[in-house]
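For reference, the structure discussed in these notes is given below.
The values are calculated or read from the model by the stated rules, or taken from the named source; none is laboratory data. Please read these numbers as outputs of a predicted model, since none were measured by experiment. Positions of Cβ are generated from backbone atoms using ideal geometry, with glycine treated the same way; all protein chains shown enter the neighbour counts. What goes into the accessible areas is simple: the full protein's heavy atoms, side chains included, and nothing from ligands, DNA or RNA. Shrake-Rupley method; radii C 1.70, N 1.55, O 1.52, S 1.80 Å.
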Amino acid sequence: TSDFRVAQVRIVFQIPQRALPALFPHLTQDMYPQHLAYVEWFSRFTETTHHDHGLYKTSRSIRNGSRLATVVPVELIERSCHLFPDFGPVAPREWTSANVLEKCSTFYVNSFADRNTLTGS
């Protein structure tokens, strides 16, 4: 696919102006990030698509038993995406639209729905 990778945005925040020089000493004032996002990463897409539906698979990135997370400038976030949970043969009853991102660890990326392209006029 590409160098894109799925991440779940947990929070978007700003750092006080007075703290920016200490946190970003290698940047000039005009290069300081205005907004940052704390994100939890998913794995790179599988090399090939699923043979039945043609979607790429991704899963939570885990390191030392914890979700892999970082802080990134909001400007690096490219777009939103739609994930289908990998239910397996039966969808667990306890999974809801409100908790499925926490309960499920593996997803398919819906490449058929592009929320960034306008349809109609």
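Just a few scattered comments:
- Nearest-0.05 FRET efficiency for Arg5 and Gln29, computed from C-beta distance (R0 35 Å): 0.70
- Area projected by the alpha carbon convex hull of the chain, averaged over all directions, nm²: 11.6 nm²
- The chain, dipole about Cα centre (Lys/Arg Cβ +1, Asp/Glu Cβ -1), debye to the nearest 20: 320 debye
- Among 13-26, 66-79, sorting by the average number of other beta carbon atoms lying within 10 angstrom of each residue, highest first, gives 66-79, 13-26.
- Overall, the accessible surface of segment 8-75 at a probe of 1.4 angstrom is composed of carbon and sulfur to the extent of 54 percent.
- Accessible area per residue, Å², the chain with all protein chains present, probe 1.4 Å: 74 Å²
- For the chain, the 222 nm mean residue ellipticity estimated from helices alone, with every DSSP H stretch of n ≥ 4 adding -39500 (n - 2.57) and the total spread over all residues, rounds to -1000 deg cm²/dmol.
- Residues in segment 66-78 carry Karplus couplings, in order, of 10, 5, 6, 9, 8, 10, 10, x, 4, 4, 7, 6, 8 Hz; the curve used is 6.51 cos²θ - 1.76 cosθ + 1.60 with θ = phi - 60°, and Gly or Pro positions show x.
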